[in-house]
Structure formats: structure tokens, C-alpha cells
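Written out below as C-alpha cells is the structure these notes cover.
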Amino acid sequence: MNDNDWEHFKKTVNPLKDQKKIIRKQQKTLETSKIENTNKDIDLMDIKVSESWGALEKNILRKIQKKRIRISASLDLHGNNIKDSKKMVYEFVNYNSQNNQRLLLIITGKGKRLFVEDRWKGTGVLKEKIPIWLTSLALSKKIIWFDHAPSNMGGEGAFLVYLKKLTK
């Protein structure tokens, strides 16, 4: 290679510094698109797929009731508003699904207490919203079954959620 070839080569080559800037811009757009997708999924949590809460095999249900299958993670929503709770439930289910945590406990609380004539039953907004969110388009593909927790785990103020196995 002579000097003329070298000079010609230097003129035709793009510097690396410009390419690094392009890569950084692409990474930022990927991060913002991830956030936008998450927000779209959270919006989908209001669209209910079905009335069914799913079915669970008898053996697995017995194991859960006898505590042979332990709760992998729990989420306490006491003191949170609906918007924050919706996002927390979405992230909680997704995180545990990705980490193959199968049995989850979501604590909503029993809600506002009524009077003795109403048998002290509570009506809670979160308690009513959780079944809608768990059967939504955003989460229903990750969940096999959910139901109110047994009385020793929170009763009507909590939900047990059983997730599908993570397929690789």
C-alpha cells in the first residue's frame, strides 16, 4: 500500500465516534418503546377476557391448602390508590412470571366495614378490581388460577394467584 492509497482510504472511512452516537440513540428509543408497551399493557388491564377464574387441578389445590406449595411472593396493596395498585399488580405478576415464582399472594384488605346488620362484610374497591385485572388481556395468559385466600392467609381480603410455568 502506498501513500496515495492510504490517503484515499482515510477519506472514504467514517469515524467511529459518529457510530457510537447512533448506537446510544437507538438504545434510548428501545427503552422508551419498552415503557410505552408497559403503559399499553397496563391500559389493557381494564379489558376483561372472561368471567371464569380458571380451573386448577385438585392435587395442586390440595397442596396449596395444606401449604405444601409455599407462597413465593406477596404484594400488600394497603394504602395504595387504584392507579398505583394497577401498575404494582401488573409489574408484580410479570416479575414473578419471569422468575418462575408460581404461587403469589396479593393482599387488598377487606375494604370499608359495614354494620352488624350486613354481617360486618366489607366492600373494597381494590377487592373488586383485582379479579378484573387478573382476567384481563394483559395478565390472563400468565395466570392459571386465582381465588380468595384461605382464612389463615387473609381470607376475603387477599387473593392467591397461581402462575403458568415459564417456557423457554
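Just so it is clear, none of the values below were taken in a lab; they were calculated from the coordinates. Just so it is clear, the structure is predicted and the values come from calculations on it, not from any experiment. We place every Cβ from the backbone using ideal geometry, glycine too, and count neighbours over all the protein chains shown.
Things worth noting here:
- Close amide H contacts of D76 (hydrogens built in the peptide plane, cut-off under 5 Å, sequence separation of 5 or more or a different chain): I107.
- Alpha-carbon Rg/Rh ratio, for segment 58-163, with Rh computed the Kirkwood way: 0.98
- Cut-off under 5 Å, modelled amide H: who pairs with L137 long-range: I47, V49
- Put simply, the amide H of G124, placed in the peptide plane, has neighbours under 5 Å in K112, leaving out anything fewer than 5 places away on its chain.
- Computed from phi, the 3J(HN,Hα) profile of segment 98-108 under the Karplus parametrisation 6.51, -1.76, 1.60 (θ = phi - 60°) reads 5, 9, 6, 8, 9, 9, 10, 10, 10, 9, 9 Hz, with x in place of Gly and Pro.
- Rounded to the nearest Hz, the phi-derived 3J(HN,Hα) couplings of segment 77-86 under the Karplus curve 6.51 cos²θ - 1.76 cosθ + 1.60 (θ = phi - 60°) are 9, 4, x, 9, 7, 5, 4, 5, 5, 4, where x marks glycine and proline.
- Projected label distance in nm at K66 and K165, using a 7 Å step from Cα toward the beta-carbon: 2.1 nm
- Residue-wise HN-Hα coupling along segment 140-153, computed from phi with Karplus coefficients 6.51, -1.76, 1.60 (Hz; x: Gly, Pro): 4, 6, 9, 10, 8, 7, 7, 6, 4, 6, x, 4, 7, 10
- Peptides 79-92, 99-112 ranked from most to least packed give 99-112, 79-92, packing being the mean of other C-beta atoms within 10 angstrom over each peptide's residues.
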